[in-house]
Amino acid sequence: MLEARRLECTRGERRLFSELSFKLGRGQLLRVAGANGSGKTSLLRIMCGLVAPSAGELRWRGRPIRAEREEYSRNLVFIGHLNALKDDLTALENLQIAAALGGMPADAGRMLAGLDRFGVAHCAELPAKVLSQGQRRRVALARLALSPAVPLWILDEPFSALDVGAVVELERLLSAHLAPGGMVVLTTHQEVQVVAHAVLRVDLDAHAAALLAA
Amino acid sequence: MIRALGWVLRRDLLLAFRRRGDVVNALVFFVIVVSLFPLGVGPEASQLRNMAPGVLWVAALLACMLSLARLYAPDHQDGTLEQMLLAGEPLVVLVMGKVIAHWLVSGLPLVLMAPMLGLQFDLPGDALAVLCVSLLIGTPILSLIGAVGAALTLGVRGSGVLVSLLVLPLYVPVLIFGAGSVGATASGTGAEPHLLLLGGFLALALVLAPWASAAALRIAME
Amino acid sequence: MSKSQRFSWFVFSSPQSFYPLAGTLQPWFAALAFLLCAAGLYIGFLVAPTDAQQGESYRIIFIHVPAAWMSMFIYLVMGFWSGVGLVLNTRLSSMVATALAPTGALFTFIALWSGALWGKPTWGTWWVWDARLTSELILLFLYIGFMALQAAIDDPRRADKAGAVLALVGVVNIPIIYFSVQWWSTLHQGASVSMKSAPTMAATMLLGMLVMALGFWMYSIAATLARVRCVILERERHTDWVAAEIGGQS
């Protein structure tokens, strides 16, 4: 469903990667690996459509994403390094805005359920600035709990700042998303225990894609 | 789409409300700058009356420009701007929501404060009324043009001063006709042509500026 | 705009092939510029008759008006190439726009200085807020803004595109600004102080200004070609052909 053809990324003067091709199908997890600075985040941003690759193209359901950016954006959720939380808004309000911009219903009950999934329901009425790093990460990830219907999840280091319990919860959530045919792309430095139809690995350092049957 | 605009508008208004201090600071800046001029040129009434439209307009312009730093930069820093680019809504709509919120918070208070300051300059009543109307039409134009400048300089070092450099020359027509309308009222020649032209600028800015600002945002986020 | 229309569009649209072309053309344009400017100055300072009202000091008009024309023209050309670079995503067009800006700013500056030199003997003041001078001043700010924006952004492609948006916004605004300043000037000063040339324009005066304008145009092209070569070398310094070029020269 998501196909990359000969992607190339040049940041400033450095060519981070070139001739990168892969296909991500339903129920598959794509793990992007590589050392710091190898272009993982750049690749993810290209996959979101935020950045145009310097060569090659990305296709969603057979059509180039450049042609229908808005339509493509509706089919993905991106959670990056930054938590995209406003310090002065409460966790609940932050989630509501995120849901509303994602075209989903933003009623409080649904938001609380999402927060509860990651164990931060008690933080709902607290402004984000008083929350700890881990709590903020969980509030950011709570968006995923609201987005089972969105096919493609693109996550940049989602496990960072999470404690063991939250890691397990996230893995459960990812498996639950992959089972009915959702797709997940993520970068992480740790091993991921997720059930998927297949796990692809793109190692930017080695610049090879290997398909591992799960 | 309107729903998304409403959400962005509400969000920005809520944020401004929670950081009331920032908003009030800009207003205080307006008052201080206006008060500096009599201190600089002397308190002679007729001279101040002549200067008043220009002084008030320039101060409003500067206050508006200072507040541009709050438009996109905070969202850029915490990652929410990125999410807006990824929302399934047209970016132009979201930009419009932010600009409306910016105007309500930074422009409208200037319109409300201006009569009081105009009295300090001994402007007659009808001139005060025209001043308010000209600011009412003009400050949205300042916000719209400013949104383009703010988007172009997003994340760039020295962006505070750079925005002024980019945006102030573009403000000149608004300044000329805004201050001109008040001057025309004071001298009896009638302000309608000026206000109509300002209205024309506003229409043009409403059509072009959000689109240019959205394009500049995408360029800045690449 | 004439330089790329004379040749097949695609062949010279890459920096690598444009570089030698620019190098070949540049001396010719420089020579033309020298000849035309010399001719223009000759006409302006020696041939054209003395003005009845302003005496000899009006002759500065032969520099002031052509410089003002060029400053406007270059901005439009810069906006055009910037726009092409933005829409078609070509690097060379954006490089040309970047190379044009300093020349445009230079002419704006010349127009302002020559205006001041005209003002002093004629009206006794070094600066006059007439419509043209004020518009030129704002145009100078627009040029400086463009150059400052491009200088402040590190990533060259982002600088190209952001500059393009700014230049296009400027192109849309310039008629509005010019119109506003025109209106402002007539309102506040009436018709007394104006740098519009002497009411009766002798044919030789017009000829002189046109020749100077052509000379300035040739100069602009020559300067831009030289500058764009520098920009190309800098931007493409990681490619093999530039390494060979620089290696061959040292």
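Of all residues in the stretch B:67-86, those that are surrounded by fewer than 19 Cβ atoms within 10 Å (Cβ to Cβ) and more than 12 Å from every other protein chain (Cβ to nearest Cβ) total 2. Does the stretch A:25-35 include one or more residues that are surrounded by fewer than 21 Cβ atoms within 10 Å (Cβ to Cβ), part of a strand (DSSP E or B) and either in contact with a strand residue (DSSP E or B) (Cβ under 8 Å, 6 or more places away or on another chain) or of a type in the set (Asp, Glu) (or both)? Yes, some residue in the stretch A:25-35 is surrounded by fewer than 21 Cβ atoms within 10 Å (Cβ to Cβ), part of a strand (DSSP E or B) and either in contact with a strand residue (DSSP E or B) (Cβ under 8 Å, 6 or more places away or on another chain) or of a type in the set (Asp, Glu) (or both). B:ASP78 is checked against (1) within 30 Å of A:GLY80 (Cβ to Cβ); (2) charged (D, E, K, R); (3) touching a residue at least 12 places away in the same chain (Cβ under 8 Å) and fails just one. What number does that condition carry? Condition (3) is where B:ASP78 drops out. Taking the stretch A:12-39 as the range and being among the basic types (Lys, Arg) and within 14 Å of another protein chain (Cβ to nearest Cβ) as the test, the residues that pass are A:ARG14, A:ARG15.
Is one or more of the residues making up the stretch B:51-70 out of contact with any His (no Cβ under 8 Å at 6 or more places or on another chain), hydroxyl-bearing (Ser, Thr, Tyr) and at pLDDT below 95? No - not one qualifying residue is present in the stretch B:51-70.
Restricting A:GLY37, A:GLY114, A:GLY62 to residues that are of a type in the set (Gly, Ala, Ser), closer than 30 Å to A:VAL195 by Cβ, at pLDDT below 90 and not assigned by TED's automatic domain parsing to the domain that holds A:LYS129 narrows the list to A:GLY62. Of the candidates B:ALA4, B:ALA52, B:ALA59, the single residue that is among the aliphatic types (A, V, I, L, M), within 14 Å of chain A (Cβ to nearest Cβ) and buried (at least 18 other Cβ atoms within 10 Å of the Cβ) is B:ALA4.
Within the stretch B:29-45, identify whether any single residue is over 23 Å from the mean Cα position of the chain (by Cα) and in contact (Cβ under 8 Å) with a residue 60 or more places away in the chain, and answer yes or no. Don't jump to the end; show me each part of the working.
First pass over the stretch B:29-45, keeping only residues over 23 Å from the mean Cα position of the chain (by Cα): B:38-45.
Next, from what is left, pick out any that are in contact (Cβ under 8 Å) with a residue 60 or more places away in the chain: B:38, B:45.
Yes: one or more hits.
Being in a helix (DSSP H, G or I) and among the polar types (S, T, N, Q) is the filter; apply it to the stretch A:81-109 and report the residue that is surrounded by the most Cβ atoms within 10 Å (Cβ to Cβ). Quick ask: steps written out before the conclusion?
Within the stretch A:81-109, the subset in a helix (DSSP H, G or I) is A:91-101, A:108-109.
Next cut, among the polar types (S, T, N, Q) only: A:94, A:96.
Details: A:ASN94: 28, A:GLN96: 22.
The extreme case among them is A:ASN94.
A quick yes/no check of all residues on (1) of a type outside the set (Lys, Arg); (2) in contact with a helix residue (DSSP H, G or I) (Cβ under 9 Å, 6 or more places away or on another chain); (3) at pLDDT below 95:
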position: B:GLN77; (1), (2), (3): yes, no, yes
position: B:ILE100; (1), (2), (3): yes, yes, no
position: B:LEU108; (1), (2), (3): yes, yes, yes
position: B:LEU112; (1), (2), (3): yes, yes, yes
position: B:ALA127; (1), (2), (3): yes, yes, yes
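Screening A:PRO180 on (1) at pLDDT 85 or above; (2) surrounded by 15 or more Cβ atoms within 10 Å (Cβ to Cβ); (3) out of contact with any strand residue (DSSP E or B) (no Cβ under 6 Å at 6 or more places or on another chain); (4) part of a loop (DSSP other than H, G, I, E, B) shows it passes everything except condition (2).
Report yes if A:LEU43 is farther than 25 Å from B:TYR72 by Cβ, part of a helix (DSSP H, G or I) and more than 7 Å from chain B (Cβ to nearest Cβ), otherwise no.
On the way: farther than 25 Å from B:TYR72 by Cβ: yes; part of a helix (DSSP H, G or I): yes; more than 7 Å from chain B (Cβ to nearest Cβ): yes.
For A:LEU43, the condition - farther than 25 Å from B:TYR72 by Cβ, part of a helix (DSSP H, G or I) and more than 7 Å from chain B (Cβ to nearest Cβ) - is met.
Among the residues of the stretch C:145-165, those identified as assigned to a helix (DSSP H, G or I) and within 7 Å of another protein chain (Cβ to nearest Cβ) are C:GLY145, C:ALA148, C:LEU149, C:ALA152, C:ARG158, C:LYS161, C:ALA162, C:VAL165. Take the stretch A:111-124 and flag every residue that is crowded, with 16+ Cβ neighbours inside 10 Å and not in a loop (DSSP other than H, G, I, E, B). Scanning the stretch A:111-124 gives A:MET111, A:LEU112, A:GLY114, A:LEU115, A:ARG117, A:ALA121, A:CYS123. Restricted to the stretch B:158-217, and to residues that are of a type in the set (Val, Ile, Thr) and at the interface with chain C (Cβ under 8 Å from one of its Cβ atoms), which residue is surrounded by the most Cβ atoms within 10 Å (Cβ to Cβ)? Checked the stretch B:158-217; the qualifying residue surrounded by the most Cβ atoms within 10 Å (Cβ to Cβ) is B:ILE176.
Within the stretch A:46-63, if we keep just the residues that are within 20 Å of C:VAL87 (Cβ to Cβ) and over 16 Å from the mean Cα position of the chain (by Cα), the residue that is nearest to the other protein chains (Cβ to nearest Cβ) turns out to be A:ALA52.
Cβ-Cβ contacts under 6 Å between residues 6 or more apart (or on different chains), taken from a first residue in the stretch A:184-202 that is surrounded by 19 or more Cβ atoms within 10 Å (Cβ to Cβ) to a second residue that is β-branched (Val, Ile, Thr), are listed as A:VAL185/A:ILE154; A:THR187/A:VAL32; A:VAL202/A:VAL32. Among the residues of the stretch A:129-136, not a single one is of a type in the set (A, V, I, L, M, F, W, C) and within 17 Å of the chain's Cα centre (by Cα).
With respect to A:ALA84, determine if the residue is at pLDDT 90 or above and at positive phi. Reasoning before the result, please.
Values: at pLDDT 90 or above: yes; at positive phi: yes.
Yes; evaluated as a whole, the condition is true for this residue.
If only residues of the stretch A:135-154 that are modelled with pLDDT under 90 and not aliphatic (A, V, I, L, M) are counted, the one that is surrounded by the fewest Cβ atoms within 10 Å (Cβ to Cβ) is A:PRO148.
The values are calculated or read from the model by the stated rules, or taken from the named source; none is laboratory data. Everything numeric here is computed off the predicted structure, so don't read it as measured data. Reconstructed Cβ throughout: ideal geometry from the backbone, glycine too, with neighbour counts over all protein chains shown.
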